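Written below as structure tokens is the structure these notes are about.
The values are calculated or read from the model by the stated rules, or taken from the named source; none is laboratory data. All figures in this text were calculated on a predicted structure; none of them were measured in a lab. No Cβ is skipped: glycine too gets one built from the backbone with ideal geometry, and neighbour counts run over all protein chains shown. Calculation scope for accessible area: heavy atoms of the full protein, side chains included, ligands and nucleic acids excluded. Shrake-Rupley method; radii C 1.70, N 1.55, O 1.52, S 1.80 Å.
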Amino acid sequence: MVKSPLARILLCLAVLALIGVTALARGTKQNFITTNNGRMAIATKGPSAVTPRDINSNAGLKTISGNLSTYPFGTFFCCFGNTIAQEGSNGFPFTSWVAIPFTPTANATVTRIEASVGKFVGTNEFELSIREDNAGVPGKPLKSFHITAPPTYGACCTLDVGNDKAGIPVTGGTQYWIAATTTAKDVFEGGWAFNSTDMRSHPIASYCKGPSTYCGTTNNGKWVAGMSGDPLPAYTVLGQ
């Protein structure tokens, strides 16, 4: 069993090379790459130091949905995830968003959402939101948080946080989404790191807008629901 994060990175890069998948270098000193279709983000260097998650930050809140680990030094997996980017940012060729569905088991009020989205380089900003469902894909945002200081992708275990003291009511048995997106004003390229608690494939939605080389033609500029294939990105939805 390969346990070291860096060993896992090297192993996966070796597999990519064997199957003939090219990787596009991103960031300074090629510390980050995306796969040839740009949809997966990989940190080629593991973190030199791990910042533990503050386990008291969510004290008193109930977990409505999520997949974060309870281990403060392993809240999520540092170095593999889904690409989040705004077309044109540092030359990135297309826009890429991801959203994860969740269904509360009972009526609740969301006061905090967290996600493991990290930037590649420089000053980056993106949008983290909780959204309505629209016929099986993400719909209108119920609340959107403008994240201005995301951590560096490949590090662990700092999370992006959106707090709403007033709270966002959600209905038990109704599907909602937590989404990482951008606006035309945002400059962002990075990744939403996978969770480290569940390696199964789960429902997910993705959005790709840009050249057909990356986004195709049929669903270019549209949310598309499917299965993750890989582990889901790490997130949690908290409240009362």
Residues of region 143-160 satisfying the condition of being open to solvent by 30 Å² or more (accessible area, probe 1.4 Å), closer than 27 Å to residue 109 by Cβ and free of Cβ contacts under 8 Å to residues at least 60 places away in the same chain: 143, 144, 146, 148, 149
Evaluation of residue 145 against (1) of a type in the set (Phe, Trp, Tyr); (2) part of a strand (DSSP E or B); (3) under 20 Å from residue 230 (Cβ atoms) (one fails), failing number: (3)
Residues (out of contact with any Lys or Arg (no Cβ under 7 Å at 6 or more places or on another chain) and either β-branched (Val, Ile, Thr) or under 22 Å from residue 55 (Cβ atoms) (or both)) located in region 125-144: 128, 137
Count of region 114-133 residues which are in contact (Cβ under 8 Å) with a residue 60 or more places away in the chain and assigned to a strand (DSSP E or B): 7
Among (1) part of a loop (DSSP other than H, G, I, E, B); (2) open to solvent by less than 10 Å² (accessible area, probe 1.4 Å), the one test that residue 93 misses: (2)
Hits in region 184-194 - residues which are outside any strand (DSSP E or B) and either buried (at least 22 other Cβ atoms within 10 Å of the Cβ) or among the aliphatic types (A, V, I, L, M) (or both): 184, 187, 188
